[in-house]
Amino acid sequence: MAIRPEIWDHLQTDYTAPIRDPLWGHIYLSPAMLHLVNTTEFQQLSRIKQLGPTFLVYPGATHTRLNHSLGVFHLARRILTRLISHADAPALTLEGVKAFLAAALLHDVGHFPYTHSFKSLPLAEHEHLTGRIIQSGEIQHHLKEDLRVDPALVAAIVDETLDADGAEEVLLYRRLLSGSLDPDKLDYLNRDAYFCGVPYGLQDIDFAISRIRPVGFDGIGLDETGVSAVENILFSKFLMYRAVYWHRTVRVATAMIKKAVHMGLAEHVIRPEDLYGLDDELFVARFGDDPYPPFELIAEVGLRRLLKPVATVPFDPIDPRHQAIDDIAVRHELEAELAKELGIPEHRVIIDLPDPISFEAHFPIFEDGYRYEFSEKSVFSGDVVRTFTETLRRIRLMIPRDALGSGAETGETAKELLECTLSAVE
């Protein structure tokens with residue numbers, strides 16, 4: 001299908017305002033996109049660290065969600081340009097293209113500190129908060145008046161709970177923004193690796209994007225030579241979780257903050273609305289001076305006064321006890337019982353279990369006129385994916401450093417304590 005000239009002209013000539021990015025070089029914005037970047041809501045992302053407490057382990061990891069959002073926009077524009085250049089490109093509209101790029105830029109404006117770590121808590125999804133922000137205030141005004149797109153269309157691309165009215169184009173943009181080879185993942189893996197100073201997340205982005213081909217309005221596929229690019233992304237994701245995202249110290253710091261917020265919500269000391277709209281400094285200020293005892297955990301993370309991970313066991317997905325503690329409420333009950341046994345405050349006992357993650361990739365591969373599923377051409381079979389997930393997830397017991405005394409036998413005592421605690425699960 002021939003490229004619509006107004007779309008091609010827009011992508012090639014309207015993006016003239018450069019922003020210097022340490023990862024991608026110059027990121028070019030249109031004047032209308034620059035107005036979105038200058039809004040209060042978008043600028044707040046510059047005060048939210050992309051990786052939360054990871055800087056405690058990797059001091060360079062102080063990059064922000066604003067950096068990341070610009071990178072996602074940049075890669076979304078490159079992916080879209082590649083897509084519409086293909087002979088089989090679907091018939092897109094100029095408004096749809098601009099709405100998709102705006103959605104890529106704004107996809108994180110609903111974030112507050114530690115959002116991803118709070119997935120199991122009774123809080124609104126950040127995509128839902130983003131959808132609300134997009135349809136109000138400064139951002140809504142600039143979308144309508146400067147970019148000339150319907151804010152509801154942009155919101156529907158980000159927040160999949162919103163009605164897309166069956167529009168194929170919206171469904172396509174959702175798949176592009178959140179999929180196996182999406183601009184979000186391509187940016188955060190590379191950006192996080194760059195700022196942490198580790199090699200694991202680095203990707204050959206140019207090659208990966210060059211292998212993309214459209215599959216109508218169903219999303220994207222890859223030429224057969226692109227299989228290795230996706231395998232590299234999946235393996236990089238595994239290594240980044242192992243070395244960075246779920247590093248033991250990062251898990252301890254994250255679990256302490258999560259425990260404080262969980263207890264505050266459960267005991268109605270705070271409401272979900274108290275968290276929405278905060279940045280990192282406001283988050284610490286809001287809870288740092290609060291007399292509610294569990295909130296001292298938040299201040300202690302900032303001072304690097306962390307609980308000690310005293311025992312670890314691999315998560316077994318077929319063990320009924322382990323299945324039960326996948327429920328944070330069950331873990332909370334066990335923590336309370338264990339704290340009573342140890343004679344220490346309840347908030348100083350944490351049983352940490354990371355939320356499940358996915359290494360699945362679902363899209364077609366094209367080779368010599370034939371179409372295959374990625375799983376048929378890749379080493380990432382179901383068994384490999386399960387092994388990756390099971391290798392990463394760990395159940396950890398975290399308590400104050402002096403709660404069990406000291407000595408060579410302490411580690412064995414802690415492991416027995418964790419095993420006994422798990423055995424108490426009904």
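The values are calculated or read from the model by the stated rules, or taken from the named source; none is laboratory data. The structure presented is a predicted model; accordingly, all values stated were derived computationally and were not measured. Here the Cβ positions follow ideal geometry from the backbone for every residue, glycine too, while neighbour counts run over all protein chains shown.
Scanning the range 233-248 for residues that are assigned to a helix (DSSP H, G or I) and out of contact with any Asp or Glu (no Cβ under 7 Å at 6 or more places or on another chain) gives ILE233, LEU234, PHE235, SER236, LYS237, PHE238, LEU239, TYR241, ARG242, ALA243, TYR245, ARG248.
Of all residues in the range 203-226, those satisfying the criterion of being assigned to a helix (DSSP H, G or I) and within 27 Å of GLU168 (Cβ to Cβ) are ALA208, ILE209, SER210, GLU224, GLY226.
Could you grab me the full set of residues in the range 106-116 that are assigned to a loop (DSSP other than H, G, I, E, B) and among the aliphatic types (A, V, I, L, M)? VAL109 - this is the single residue of the range 106-116 that is assigned to a loop (DSSP other than H, G, I, E, B) and among the aliphatic types (A, V, I, L, M).
Taken together, the criteria place ALA361 among residues that are crowded, with 19+ Cβ neighbours inside 10 Å and aliphatic (A, V, I, L, M). Of the set (1) in contact with a helix residue (DSSP H, G or I) (Cβ under 7 Å, 6 or more places away or on another chain); (2) touching a residue at least 40 places away in the same chain (Cβ under 8 Å), all apply to ALA17 but (2).
Out of the residues in the range 117-172 that are basic (Lys, Arg) and part of a helix (DSSP H, G or I), which is farthest from LEU34 (Cα to Cα)? Out of the qualifying residues, it is ARG132.
If you go through the range 32-46 one residue at a time, do you hit one that is within 20 Å of SER117 (Cα to Cα), in contact (Cβ under 8 Å) with a residue 24 or more places away in the chain and not polar (S, T, N, Q)? Yes: the range 32-46 contains one or more residues that are within 20 Å of SER117 (Cα to Cα), in contact (Cβ under 8 Å) with a residue 24 or more places away in the chain and not polar (S, T, N, Q). Does the range 328-348 include one or more residues that are modelled with pLDDT under 80 and either under 30 Å from GLY216 (Cα atoms) or among the basic types (Lys, Arg) (or both)? Checking the range 328-348: not a single residue is modelled with pLDDT under 80 and either under 30 Å from GLY216 (Cα atoms) or among the basic types (Lys, Arg) (or both). Residues that are in contact with a strand residue (DSSP E or B) (Cβ under 7 Å, 6 or more places away or on another chain) and surrounded by 15 or more Cβ atoms within 10 Å (Cβ to Cβ) within the range 1-16 comprise just one, TYR15. Six or more apart or on different chains, Cβ atoms under 6 Å: show the pairs whose first residue is in the range 187-210 and in the same structural domain as ALA76 (by TED's automatic domain parsing) and whose second is of a type in the set (Asp, Glu) and at pLDDT 95 or above. Matching pairs, first to second residue: GLY201/ASP192. Among the residues of the range 73-122, which ones are modelled with pLDDT under 95 and touching a Ser or Thr at 6+ places or on another chain (Cβ under 9 Å)? Correct list: ARG82, TYR114, SER117.
Of all residues in the range 249-257, one or more are within 20 Å of ARG348 (Cβ to Cβ) and either among the polar types (S, T, N, Q) or part of a loop (DSSP other than H, G, I, E, B) (or both).
Scanning the range 138-174 for residues that are within 13 Å of GLY96 (Cβ to Cβ), among the charged types (D, E, K, R) and touching a Lys or Arg at 6+ places or on another chain (Cβ under 9 Å), we see that the one that is surrounded by the fewest Cβ atoms within 10 Å (Cβ to Cβ) is ARG148.
Here HIS26 clears all of (1) buried (at least 16 other Cβ atoms within 10 Å of the Cβ); (2) assigned to a strand (DSSP E or B) except the condition numbered (1).
The rows are residues; the columns are (1) in a loop (DSSP other than H, G, I, E, B); (2) outside the structural domain of LEU11 (by TED's automatic domain parsing); (3) of a type in the set (Asp, Glu); (4) touching a strand residue (DSSP E or B) at 6+ places or on another chain (Cβ under 9 Å).
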{"site": "LEU36", "(1), (2), (3), (4)": "no, no, no, yes"}
{"site": "GLU41", "(1), (2), (3), (4)": "no, no, yes, no"}
{"site": "THR62", "(1), (2), (3), (4)": "yes, no, no, yes"}
{"site": "SER69", "(1), (2), (3), (4)": "no, no, no, no"}
{"site": "ALA89", "(1), (2), (3), (4)": "yes, no, no, yes"}
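Inclusion of ALA260 among residues that are within 12 Å of PRO53 (Cα to Cα), assigned by TED's automatic domain parsing to the domain that holds LEU353 and assigned to a helix (DSSP H, G or I) is not warranted.
Listed here are the residues, each with its yes/no results for (1) touching a strand residue (DSSP E or B) at 6+ places or on another chain (Cβ under 7 Å); (2) touching a residue at least 24 places away in the same chain (Cβ under 8 Å); (3) not assigned by TED's automatic domain parsing to the domain that holds PHE112.
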site: LEU143; (1), (2), (3): no, yes, no
site: VAL149; (1), (2), (3): no, yes, no
site: VAL154; (1), (2), (3): no, yes, no
site: VAL158; (1), (2), (3): no, yes, no
site: ASP165; (1), (2), (3): no, no, no
site: LEU171; (1), (2), (3): yes, yes, no
site: ARG174; (1), (2), (3): no, no, no
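Each residue in the range 349-362 was checked for being at pLDDT below 85 and touching an Asp or Glu at 6+ places or on another chain (Cβ under 8 Å), and 1 pass. Taking the range 204-257 as the range and being of a type in the set (Ser, Thr, Tyr) and over 30 Å from VAL310 (Cα atoms) as the test, the residues that pass are SER210, THR225, SER228. Beta carbons closer than 8 Å, at least 6 apart along the sequence or on distinct chains, pair a first residue in the range 312-328 that is touching a residue at least 40 places away in the same chain (Cβ under 8 Å) with a second that is of a type in the set (Phe, Trp, Tyr) for HIS322/PHE315.
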